[in-house]
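Sharing a structure below in structure tokens format, with a few things to ask.
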Amino acid sequence: MKIKPISILFLSFFLCIPSLTTQEEVISSNKQIVLGFIKELADSLSIYPTNRYLHLKISTHSLSEFVESIIIERLSAKEFKFFTFQCDSCTNIQLTIRKFDINYKRIIKEKPTNFIIRKVELEVVSLIKEPNSDIKPLLFVETYNDTINFENFDIVEKDGIPFTGKKPKEPENFLKKYIEPIVIIGSTALGVLLFFTIRSK
């Protein structure tokens, strides 16, 4: 039985298609991680005021607006009322974002690896001043560590600035750089050779 040329072309095309993985990974973006931090911060702040009237002030930082919106939303749900100005009957809360870092570090092993360690850090100092009371300092520190694949880098940074960090250089993959091109070129060449061989008969 003769193999039709179209079948050979289909076979060579099929061999040229790289293998695909359908496994989906559930991975949190940097913004989702920071959101979790700020919710914890808001819950910590809700413990201290003895009244329900608050005035919130946050020092200038790339994360300030995001932090302010989440804290107000979180505490408003707990029936706290916010004022845009300082008042004698309010609890005044001043926040300073002292540290916010997103770092990536390559995992170095004997063989090439596509994995990196992600580290997200947030440090906030809060000064809480209630009416007729001394200032209460509160230090909030949270750190998140995990391991991600280089292929998921765009997923974790999908929200853009300020939820980004410096991407480390991706290690070369010997298989993708040398073996796969050879297999693809070889498969294509074989398909073309078989096609013209059958046509010449």
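Coordinate-derived values only; no laboratory data. Since the model is a prediction, treat every value here as computed from it, not as a measurement. We place every Cβ from the backbone using ideal geometry, glycine too, and count neighbours over all the protein chains shown.
If you wrap a convex hull around the alpha carbons of segment 90-147, what volume per residue comes out, as a whole number of Å³?
66 Å³
Run the paramagnetic zone check for residue 159: 7 angstrom along Cα to Cβ, then residues of segment 64-84 with backbone nitrogen under 14 Å.
64-71
Sorted from fewest to most neighbouring beta carbons within 10 Å, what does the list 54, 138 look like?
Going from sparsest to densest Cβ surroundings: 138, 54.
So, one more: Just want the ordering: 127, 122, 139, from fewest to most Cβ atoms lying within 10 Å of their own Cβ.
With the fewest neighbours first, 127, 122, 139 line up as 139, 127, 122.
Output ³J(HN,Hα) for segment 77-92: one whole-Hz value per residue in order, computed from phi by the Karplus curve 6.51 cos²θ - 1.76 cosθ + 1.60 with θ = phi - 60°, and x for Gly and Pro.
Values, residue by residue: 5, 9, 6, 7, 10, 10, 10, 7, 9, 6, 9, 5, 8, 8, 8, 8 Hz.
Order these by the 10 Å Cβ neighbour count, fewest first: 141, 67, 34.
141, 67, 34
So, one more: Cα-Cα over 32 Å: which of 31/129; 81/166; 99/136; 57/158; 78/105; 81/119?
Long pairs (Cα-Cα over 32 Å): 81/166; 78/105; 81/119.
For segment 27-169, compute the orientation-averaged projected area of the C-alpha convex hull (one quarter of its surface), in nm².
Taking a quarter of the hull surface, the average projection is 9.3 nm².
Next question, about the same structure. Pull out the extension gain between residue 170 and residue 121, defined as 0.36 nm times the separation in residues minus the alpha carbon to alpha carbon distance; nm, one decimal.
Result: 15.4 nm gained on full extension.
If you stretched the chain out fully between residue 138 and residue 78, how much longer would it get, using 0.36 nm times the residue separation minus the C-alpha to C-alpha distance?
Answer, rounded to one decimal: 19.6 nm.
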